[in-house]
Amino acid sequence: MPPNTPAVKRKRGEGQWKLGHREPLNPNERTKRDDDGLNVRARIENIYAKRGFDSIDPADLRGRMRWWGLYTQRKPGIDGGRTAALEPEELDDRYFMLRVRIDGGALTTEQLRVVGEISQEYARDTADVTDRQNIQYHWIQIEDMPTIWQKLEAVGLLTTEACGDTPRVILGSPVAGISVDEVVDGTPAVRTILDRYIGNPEFSNLPRKFKTAISGQQDIAHEVNDVSFVGVEHPEHGPGFDLWVGGGLSTNPKIAQRLGAWVPLDDIPEVWAGVVSIFRDYGYRRLRNRARLKFLVADWGAEEFRRVLEEEYLGRKLVDGPAPEIPERPIDHVGVHKQKDGRNYVGVATASGRVSGSTLVALAKVAEAAGSQRVRLTPYQKIVVLDVADAQVDPLKVELAALGLQAEPSQWRRSTMACTGIEFCKLAIVETKERAIRLVEDLEQRLADVSPDAPISIHLNGCPNACARTQVADIGLKGQIVTDADGNQVEGFQVHLGGGLGLDTGFGRKLRGLKVTSAELGEYVERVVRRFVEQRTEGERFAQWVLRAEEADLK
């Protein structure tokens, strides 16, 4: 090389297997290289459950156990200001959170009863409905896991790949197969993917978690999943699904992109496997914080992603298709609705997903008394009872209300969601579940005289990771430590305003310095909602108003 010739700088590889970057690039990748997370179950059953918590290999404890739905929960008494300052072993309690994956949110009443009984016996009666249609337990001991798996699997339920760098629970319409509004029932595709691929080593080592949604209507938050199939009518080919990829929230939120492709029901599993394979082979593994599919899709663009899917993985062209028509309002299935067969389904609001094992057992009983044997969980932390005869609707609503499950909730109860929060989560900075419950009660008093045309969604999250989808809520509240009027460091929230899905798809507006203490939350929400009601034009939605509102009116 002649003198003064600058050296050519090679672009650093991103850990993409397909491009030859196979070396482990971070501790998580080394852990997965050393042993497939699926293999940890044998050690749990044969070693850890017999020898106890102290026998667990750290790489299993904070890594591979997630492949079977297990995380250590937060040790009690550690305040939010110390969350980021402590090592994992300092945050770990000797108990576990356990997720039961409930694909499509579908449960028989027998399954629901077993889920509740496990909670009562092994989880101190904890059982939260998540916005991924899972049931989440706490206080689980490692010694009890073999028995828990035995009980769950006896009724056809799994915890396989409920967490970890895997294809997690598949979101599906809670009213698949019975809704008068769906284009097509996606249930057969959900079942095929579950049977064919979940627990399969082919997809048990992905760069990060992978989230799927399949529905014949827009009731699954499809815009924020890694891959989604959304019901749409093709003018020539009939009912099928519109394909979306690359959505996700957390600290770098991105809305999924349409590939412009129409997929028939029978082809969904093959196309799904192609998308997951692209993620496995081309996904970024060098940096953990850039390992989600959304980053690859953002870099490639929809056109290139579709080309690679078709040419390298499917070996054929996909059919071009139309975009689905966007519904006027979010679909949460709360209330009483007619089914295709003339019976009814009854959707009820929980207290921000917080229920209990005892509630679930009682729910199974009252559903069966009303002639139903099917219950569904929704991506909005709601519960739906299917197949209710007309004569049973009113008695069922009374029984459900006695369990704290309301078919006619206030708009604040209906539209408020919350993540796990500091009570159990090691990433959380603030408390969320009880805060959300108290906020709803407060708003029901403060805003009893206010009735906007549509519910204003309020989502509370304990940290920036957006498990409760804060950026796409009308009022998104991201937990952090803030300074109160007296200069004290207290729990509070950064506020995002005007986010949404559907007609208002986009991320909430963040105002510089707009932070609210937990104690001020009710007063702040009341102030903003009243300004909206005063200033809105006819038919204007909250998210539309936020875009044009003066900054002073949002504080």
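Please go through segment 119-158 and give me each residue that is farther than 19 Å from Arg94 by Cβ, surrounded by 22 or more Cβ atoms within 10 Å (Cβ to Cβ) and among the β-branched types (Val, Ile, Thr), ordered by number.
Val129, Ile135
Which one of the conditions (1) touching an Asp or Glu at 6+ places or on another chain (Cβ under 9 Å); (2) surrounded by fewer than 19 Cβ atoms within 10 Å (Cβ to Cβ) does Ile178 fail to meet, given that it meets all the rest?
With (1) touching an Asp or Glu at 6+ places or on another chain (Cβ under 9 Å); (2) surrounded by fewer than 19 Cβ atoms within 10 Å (Cβ to Cβ) applied to Ile178, the lone miss is (2).
Just give me the residues in segment 307-331 being closer than 22 Å to Ala221 by Cβ and either buried (at least 18 other Cβ atoms within 10 Å of the Cβ) or under 26 Å from the mean Cα position of the chain (by Cα) (or both), in sequence order.
Restricting attention to segment 307-331, the residues satisfying the condition of being closer than 22 Å to Ala221 by Cβ are 321-331.
Across segment 307-331, the qualifying residues are Gly321, Ala323, Pro324, Glu325, Ile326, Pro327, Glu328, Arg329, Pro330, Ile331.
Quick one: Ala106 ticks every box in (1) open to solvent by less than 30 Å² (accessible area, probe 1.4 Å); (2) among the aliphatic types (A, V, I, L, M); (3) farther than 29 Å from Ile47 by Cβ except a single one, so which number is it?
(1)
Go through (1) aliphatic (A, V, I, L, M); (2) more than 17 Å from the chain's Cα centre (by Cα); (3) open to solvent by 10 Å² or more (accessible area, probe 1.4 Å) for Leu521 and report which single condition fails.
Failing condition for Leu521: (3).
Of all residues in segment 162-172, how many are under 16 Å from Thr192 (Cα atoms) and open to solvent by less than 10 Å² (accessible area, probe 1.4 Å)?
Counting residues in segment 162-172 that are under 16 Å from Thr192 (Cα atoms) and open to solvent by less than 10 Å² (accessible area, probe 1.4 Å) gives 5.
Can you tell me which residues in segment 184-208 are in a loop (DSSP other than H, G, I, E, B) and open to solvent by less than 20 Å² (accessible area, probe 1.4 Å)?
Filtering segment 184-208 down to residues in a loop (DSSP other than H, G, I, E, B) leaves 184-186, 198-200, 204-208.
Selection gives Gly186, Ser204, Leu206, Pro207.
Out of everything in segment 536-555 that is under 23 Å from Gly502 (Cα atoms) and assigned to a helix (DSSP H, G or I), what residue ends up being most open to solvent (accessible area, probe 1.4 Å)?
At the first step, the residues of segment 536-555 found to be under 23 Å from Gly502 (Cα atoms) are 536-549, 554.
Subset that is assigned to a helix (DSSP H, G or I): 542-548, 554.
Numbers: Phe542: 8, Ala543: 5, Gln544: 67, Trp545: 0, Val546: 1, Leu547: 142, Arg548: 112, Leu554: 0 Å².
Residue satisfying both the conditions and the ranking: Leu547.
Would you check which residues across segment 74-100 are modelled with pLDDT of 90 or more and in contact with a Lys or Arg (Cβ under 7 Å, 6 or more places away or on another chain) and list them?
Correct list: Arg74, Leu91, Asp92, Asp93.
Of all the helices (runs of 4 or more DSSP H) wholly in segment 24-78, which have at least 1 residues that are β-branched (Val, Ile, Thr) and surrounded by fewer than 20 Cβ atoms within 10 Å (Cβ to Cβ)?
Numbers: elements: 27-34, 40-43, 58-61.
Per the criteria, 27-34.
Output the residue which, of all residues in segment 239-255 that are open to solvent by 10 Å² or more (accessible area, probe 1.4 Å) and of a type outside the set (Phe, Trp, Tyr), is nearest to Gly506 (Cα to Cα).
Narrowing segment 239-255 to residues open to solvent by 10 Å² or more (accessible area, probe 1.4 Å): 239, 244, 249-255.
From what is left, the residues that are of a type outside the set (Phe, Trp, Tyr) are 239, 249-255.
Details: Pro239: 27, Leu249: 11, Ser250: 14, Thr251: 15, Asn252: 13, Pro253: 10, Lys254: 9, Ile255: 7 Å.
Checked segment 239-255; the qualifying residue nearest to Gly506 (Cα to Cα) is Ile255.
If the Cβ limit is 6 Å and pairs must be 6+ apart or interchain, which residue in segment 46-62 that is within 19 Å of Tyr122 (Cα to Cα) pairs with which residue that is modelled with pLDDT of 95 or more and in a helix (DSSP H, G or I)?
Every condition considered, the pairs that remain are Tyr48/Ser55; Tyr48/Ile142; Ala49/Ile142; Ala49/Glu143; Ala49/Met145; Ala49/Pro146; Phe53/Ile142.
Considering only residues of segment 279-306 that are of a type in the set (A, V, I, L, M) and over 22 Å from the mean Cα position of the chain (by Cα), which is farthest from Ile170 (Cα to Cα)?
In the first step, residues of segment 279-306 are kept if they are of a type in the set (A, V, I, L, M); the result is 287, 291, 293, 296-298, 302.
Still in the running and over 22 Å from the mean Cα position of the chain (by Cα): 287, 302.
Details: Leu287: 26, Ala302: 22 Å.
Of everything passing the filter in segment 279-306, Leu287 is farthest from Ile170 (Cα to Cα).
Within segment 504-555, work out how many residues are hydroxyl-bearing (Ser, Thr, Tyr) and more than 21 Å from Arg413 (Cβ to Cβ).
Within segment 504-555, residues that are hydroxyl-bearing (Ser, Thr, Tyr) and more than 21 Å from Arg413 (Cβ to Cβ) number 3.
Going by what's in this entry, would Arg94 be described as open to solvent by 60 Å² or more (accessible area, probe 1.4 Å), in contact with a Cys (Cβ under 7 Å, 6 or more places away or on another chain) and within 23 Å of Ala162 (Cβ to Cβ)?
Values: open to solvent by 60 Å² or more (accessible area, probe 1.4 Å): yes; in contact with a Cys (Cβ under 7 Å, 6 or more places away or on another chain): no; within 23 Å of Ala162 (Cβ to Cβ): yes.
Answer is no for this residue.
Taking segment 296-328 as the region of interest, how many residues are over 17 Å from Gln16 (Cα atoms) and of a type in the set (A, V, I, L, M)?
6
Quick one: what pairs do we get from segment 332-361, first residue open to solvent by 40 Å² or more (accessible area, probe 1.4 Å), second assigned to a strand (DSSP E or B) and among the acidic types (Asp, Glu), C-beta under 7 Å, 6+ apart or different chains?
Qualifying pairs under 7 Å: Arg343/Asp387; Arg354/Asp128.
Here is a check on your reading of the model: is Arg290 open to solvent by 20 Å² or more (accessible area, probe 1.4 Å), under 12 Å from Pro207 (Cα atoms) and touching a Phe, Trp or Tyr at 6+ places or on another chain (Cβ under 6 Å)? Please lay out each step first, then the result.
On the way: open to solvent by 20 Å² or more (accessible area, probe 1.4 Å): yes; under 12 Å from Pro207 (Cα atoms): yes; touching a Phe, Trp or Tyr at 6+ places or on another chain (Cβ under 6 Å): yes.
So Arg290 passes the test.
The values are calculated or read from the model by the stated rules, or taken from the named source; none is laboratory data. Computed from a predicted model, the values in this text were never measured in an experiment. Glycine also receives a Cβ, built like all others from the backbone with ideal geometry; neighbour counts cover every protein chain displayed. What goes into the accessible areas is simple: the full protein's heavy atoms, side chains included, and nothing from ligands, DNA or RNA. Shrake-Rupley method; radii C 1.70, N 1.55, O 1.52, S 1.80 Å.
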